[in-house]
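The values are calculated or read from the model by the stated rules, or taken from the named source; none is laboratory data. Here the structure is a predicted model, which means the values were calculated and not measured. All Cβ positions, glycine included, derive from the backbone under ideal geometry; neighbour counts span all protein chains shown.
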Amino acid sequence: MDPQEAKAKMRQLSDGCMKGRTMYVLPYTMGHQDSPYAKSCVQLTDVTYVAVSMRIMTRMSKKVIDKIGNTDNFVKGIHSVGDFSQEKRFIMHFPDEHLVWSIGSGYGGNALLGKKCFSLRIASWLGLKEGWLAEHMVIMGIQDPKGNISYITAALPSACGKTNLAMLESALPGYKIWTLGDDIAWMNVGPDGRLWAINPEAGFFGVAPGTSMKTNPNMIRTLKANKFYPTLYTNTGLDTDNNEPWWEGLDGPAPKNMLDWQGKKWDSASGTKCAHPNSRFTTSIYNCPMLSKEYDNPKGVPISAIIFGGRRTHTMPLVVESFNWQHGVFLGARMGSETTAAAAHQVGTLRRDPMAMLPFCGYNMGDYFRHWLNIGKKMSPKTAPKIFSVNWFRVDDEGKFIWPGFGDNIR
C-alpha cells in the first residue's frame, strides 16, 4: 500500500481510539543501553497488558528519553486496540520513518511492537541500510568439559523446537548450555572481522501449552523463579487451590479445582481445553537459571557457527556442513518444514521458510539473500562462522525418529 494512503487510513481508524482509556508512554531500548548496536524506541499503547509485557520484554527506562533528547533518531510505535473490530484491524510498518502503527489487535506480536514488528521487520530493513543482520534466531553458548565456550545461533521455523534448543539440558557429560536468547539475534561484523550477536530482548514470550519439565525444564524453572515474578500469563487455566496457572501438557494430573481461560469452572471430563491453545507467558530473562554471564555484554558474543533447521520426514539428512559462507546462505535460502496440524490444519505439506524469516523480513527476499552474501564478504574464511543445516525430524522406514532429540541435540 502507498505510505500516504496507509497513513490516511490509519489516521481515520485511530481518531479517538483511546478515548476514556489510559495512554501509556513506554520508552525502551532493544539491546543493552551501552551497546553500539542498541536502538532507542518509544511506544504508545492503551492496554495495561501491553505496558506490563513491554516492561518485562525490554529495557525500559527514563534514560532512553534522555538519550533520544531532541532528535528523531528512535523507533516509533503507536498501538491501540480500538474497538477490537476485525474489519478495522491493521498493523502497518513504515520503515523509512522507523514507525510501526497498530490498531484493533491485542495479540502479542501485533501489540508488543518491540518484538517481531520492530526487532525483525523494521530492524531487518535497518540492517540492510546499515550493514548488519536482524534474524529470527536462538543465541546460545556451548561449554565443553575444559570450560571453553563457543557461541552459536540457530534459525528454526515454528514447531521445530527453537526455544527448547535455547534452554537445552545436555545429554553429554561435561557439556553445558548457556542461554542468551530464544528468538531474535542482531548480528554485526566486528572490528576483528568476526560476526558478533546480541539479543535485543530482555525476556521470553512463549506458548504455554506443551511446556513442561519433560519438554523444557529450564523454562519451567524460569517461569517459577522468584515466586513467579515478574511473569505474566494470558489465557491459561487457573488452579484456584494453589493460585497458580495451569495448561495442558504440564506435568502430573489436572488439579481438582480449576477455572478455564474464560474464568469458568472446569474439569478434565468436560472434553474442552482449560487453557487456550495459544495461551502465553511473558517472563524475565534474568530468571533463567542458565543465563549466560555475557548476556549484558554491550559488544555481544562472537559467533562460531550458524544452524539452519527444519522439519522434514525424508529427503534432508540429519546434518550437513556447508562448504563455505555462500553455500551456507543457499542452505538457509532453501529451508522448508512440513506443516503440523497446529500450524496449518493439515499435516505434511511442505512450507518454504528461508532462514525462518519469510513472515518477518521487511524487504524483498532476493535482496535479503544478496545482503547475506554481502555480509559474508566482510569476513575472511577464517573468521566467518561455519554454517550447518540440520533435520532432527527425519524418520526411518518404520516411521520412527532416527535422531533422539531433546538433550541429545547437544551432539
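Some notes on this structure:
- Of the set (1) more than 28 Å from GLY127 (Cα to Cα); (2) touching an Asp or Glu at 6+ places or on another chain (Cβ under 7 Å); (3) outside any helix (DSSP H, G or I), all apply to GLY407 but (3).
- Filter result for the condition that a residue is surrounded by fewer than 20 Cβ atoms within 10 Å (Cβ to Cβ) and closer than 21 Å to ALA159 by Cα, over GLY366, GLY399, GLY332: GLY399
Results for (1) surrounded by fewer than 24 Cβ atoms within 10 Å (Cβ to Cβ); (2) assigned to a helix (DSSP H, G or I); (3) not charged (D, E, K, R), shown as yes or no for each residue.
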{"residue": "GLY77", "(1), (2), (3)": "no, no, yes"}
{"residue": "MET92", "(1), (2), (3)": "yes, no, yes"}
{"residue": "SER102", "(1), (2), (3)": "no, no, yes"}
{"residue": "SER105", "(1), (2), (3)": "yes, no, yes"}
{"residue": "ASN110", "(1), (2), (3)": "yes, yes, yes"}
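- The range 222-233: number of residues that are surrounded by fewer than 19 Cβ atoms within 10 Å (Cβ to Cβ) and among the β-branched types (Val, Ile, Thr): 0
- Counting only residues that are touching a residue at least 40 places away in the same chain (Cβ under 8 Å) and more than 21 Å from the chain's Cα centre (by Cα), the range 375-398 holds 13 of them.
The rows are residues; the columns are (1) in the same structural domain as TRP178 (by TED's automatic domain parsing); (2) buried (at least 18 other Cβ atoms within 10 Å of the Cβ); (3) at negative phi.
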{"site": "ILE220", "(1), (2), (3)": "no, no, yes"}
{"site": "GLY237", "(1), (2), (3)": "no, yes, yes"}
{"site": "GLY249", "(1), (2), (3)": "no, no, no"}
{"site": "LEU259", "(1), (2), (3)": "no, no, yes"}
{"site": "LYS265", "(1), (2), (3)": "no, no, yes"}
{"site": "ALA269", "(1), (2), (3)": "no, no, yes"}
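- Subset tally (residues that are surrounded by fewer than 18 Cβ atoms within 10 Å (Cβ to Cβ) and either in contact (Cβ under 8 Å) with a residue 24 or more places away in the chain or closer than 28 Å to GLY300 by Cβ (or both)) for the range 25-43: 4
- GLU97 being outside the structural domain of ASN235 (by TED's automatic domain parsing), among the acidic types (Asp, Glu) and out of contact with any Gly (no Cβ under 9 Å at 6 or more places or on another chain): yes
- Among residues of the range 44-62 being assigned to a loop (DSSP other than H, G, I, E, B) and of a type outside the set (Val, Ile, Thr), the one that is surrounded by the most Cβ atoms within 10 Å (Cβ to Cβ) is ASP46.
- Test: residue in the range 4-13 that is under 22 Å from LYS129 (Cβ atoms), touching a residue at least 40 places away in the same chain (Cβ under 8 Å) and not in a loop (DSSP other than H, G, I, E, B): yes
- Within the range 14-24, the set of residues being closer than 25 Å to PRO200 by Cβ and touching a residue at least 60 places away in the same chain (Cβ under 8 Å) is empty.
- Only one entry in ARG89, ARG55, ARG59 is more than 22 Å from ALA123 (Cβ to Cβ) and modelled with pLDDT of 95 or more, namely ARG89.
- Positions within the range 63-75 being among the acidic types (Asp, Glu) and in a helix (DSSP H, G or I), in sequence order: ASP66
- ALA111 meets each of the listed conditions (1) assigned by TED's automatic domain parsing to the domain that holds GLY310; (2) at negative phi apart from (1).
- From PHE308, PHE323, PHE330, residue being assigned by TED's automatic domain parsing to the domain that holds ASP144, under 24 Å from TRP125 (Cα atoms), without any contact (Cβ under 8 Å) to a residue 24 or more places away in the chain and not small (Gly, Ala, Ser): PHE330
- Only a single criterion out of (1) of a type outside the set (A, V, I, L, M); (2) at pLDDT below 95; (3) surrounded by fewer than 17 Cβ atoms within 10 Å (Cβ to Cβ); (4) outside any helix (DSSP H, G or I) is not satisfied by SER337, namely (3).
- Top-ranked residue in the range 354-411 [being farther than 22 Å from ARG334 by Cβ and basic (Lys, Arg); ranked as modelled with the highest pLDDT]: LYS378
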